[in-house]
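Note sheet for the following structure.
What follows draws every value from the coordinates through simple rules; no lab data is involved. Just so you know, these numbers come straight off a predicted model, no measurement behind them. Virtual Cβ from ideal backbone geometry, glycine too; neighbours counted across all protein chains shown.
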Amino acid sequence: MKRIDLGFSSLQNGYKEHLFTPMDVVREVFRRIRERGNDHVWTELVSEQAAISEAERMFADVRFGKAPPLFGIPFSVKDNLDVAGMRTTCGCDGFDRFPEITATSVSKAIAAGAILIGKNTLDQFATGLNGTRTMGGYCRNVFDERYIPGGSSSGSGVAVAAALVSFSLGSDTGGSGRVPAAMNNIVGVKPTLGLVSSTGLVYNNRFFDCVPVFARTVEDGYAVLETIRGFDETDDFSRSDADAFSLKVELSDNFNFAIPDAKQLEFFGDSHAEAAFAMAIETMKMIGGRPVEIDFSLFIEAAHLPFDSGLLAERAVSYGDVVAARPETVHPAVAAMIRTGLAYSGTETVRAIYKMNSLRGKARKLFQEFDVLMTPTVGRAYTCIELEADPIGLNNNIGYYTYSVSPLDLCALALPASIRDDGIPFGISLLATAGRDGVLRTLGERFQRQVGLKPGVDQKSWPVVGMDRQAR
């Protein structure tokens, strides 16, 4: 049997044409996992036999009926999402919980026919954007192990990029559903806040948290989002219209896309990233976009809210007890952040909430001038050694373009844009106001077709193409 492509359409066509069964796919997935060895992508796996048995059950159910939308598609979840019968650790030995109920988003994926493979590693307590903030080993970038995988959903991103699963669910507070996508040449779908239930997610910040989707393509990512979205009365932050607005939007062949003013673009000395973003702008022009430079100050200001305001106190609500009782189990950079959160007063927190609401109003007004905002997802590709030496300062650099998105109540789509001349992936993010996820989908599909990259590590097996040719 030929190598199984884990893209949704390839799997669905293979099942339809009886080229393989879901049981074959599960066996192949576990073979690949064994082949990679101890890659620090997983905190816990479902037993192979249990996954095969689930595939057999579903296969029998659909033999004479219609297959559900995610039938036979293997997936994984970040280990801050609950799965009944599996530990939720958040990457910390001092924070074990054994849930009896599976997170709503995970339950919906399983109900739609997806096959759970296991739980993925993460930056401890989902607090970093680099993927190195763990007490044990950490997974590596699939293109070059010297470089960070991106965090905090590091294992979730690498699992998709390494073709171990077809999609994964993570969490995103300040960029965790986008940075691993950019660093590993895959798609990261960060939905409108409240579109996907966060029940069963260990929270960092209820104002900002959401469940994103990592996938090989834009089409696959939004197919998952269509399935797991919806109002959930058990989630106080769920949107009442979460079932209502369309995730498919027709858009003119010509559109306006904003980019930060040239003086506010930050690449932190990475000339490869700077050249790659310039090429991405040209790619957007090729698919009908007209660039408009904007003042990026609003976004820079909003980016301070998750980690440099009273809103950081919410992290202490979730994890402060672990820092106090089991400090030896907490990464020093993570402990420092939580202690900072504990130091904020109630007055400072209320002021931060007021400021957030004010900035959201300004953002809604600004977005009336264009269809989407395009930024780099990550301004500079850092090595693991660099992040180990400065885990706080450089982490903030990584969040320059991502931290502001949820404070401003925006949805986002992280897209592969090119493979840089040094062999490292470069990605962009498209941003829109809440409820405009369908616009991102439409433009994202156009952009991905134009770029023409193979997803994840699959691109490594293709000839190296210089960036000046890649978008043609």
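Quick notes on this structure:
- Taking Cβ atoms as reference points and 13 Å as the exclusive limit, the residues near Ile52 contribute a net charge of -2, counting Lys and Arg as +1 and Asp and Glu as -1.
- When all alpha carbon pairs of the chain are counted in 20 Å bins from zero, the resulting P(r) reads 27, 61, 13, 0 %.
- Span from the the range 59-133 Cα centroid across to the the range 243-265 one, whole angstrom: 31 Å
- Mean separation of Cα contacts under 8 Å (6+ apart) over length of the chain, as relative contact order %: 17 percent
- Nonlocal amide H pairs with Asn120, under 5 Å, H built at 1.01 Å: Thr43, Val77, Lys78, Asp79
- Environment charge at Asp261 (Cβ cut-off 11 Å; Lys +1, Arg +1, Asp -1, Glu -1): -1
- Taking θ as phi - 60° and the Karplus parameters 6.51, -1.76 and 1.60, the scalar couplings of the range 314-327 work out to 5, 5, 5, 4, 6, 10, x, 5, 5, 4, 6, 8, 10, x Hz in sequence order, x denoting glycine and proline.
- The Cβ shell under 14 Å around Ser153 holds other residues with a net charge of +1, Lys and Arg each +1, Asp and Glu each -1.
- Taking label points 7 Å from Cα along the Cα-to-Cβ direction, Ile353 and Asp144 give a separation of 4.6 nm.
- With distances taken between every two different alpha-carbon atoms, the range 250-305 has a Kirkwood hydrodynamic radius of 12.8 Å.
- Using the rule -39500 (n - 2.57) for each DSSP H run of four or more residues, divided by the residues of the chain, the 222 nm mean residue ellipticity is -11000 deg cm²/dmol.
- Between Phe245 and Ser461, the contour length at 0.36 nm per residue exceeds the Cα-Cα span by 73.8 nm.
- Calculated FRET efficiency for the pair Glu369/Glu282, C-beta based, R₀ 22 Å, to 0.05: 0.50
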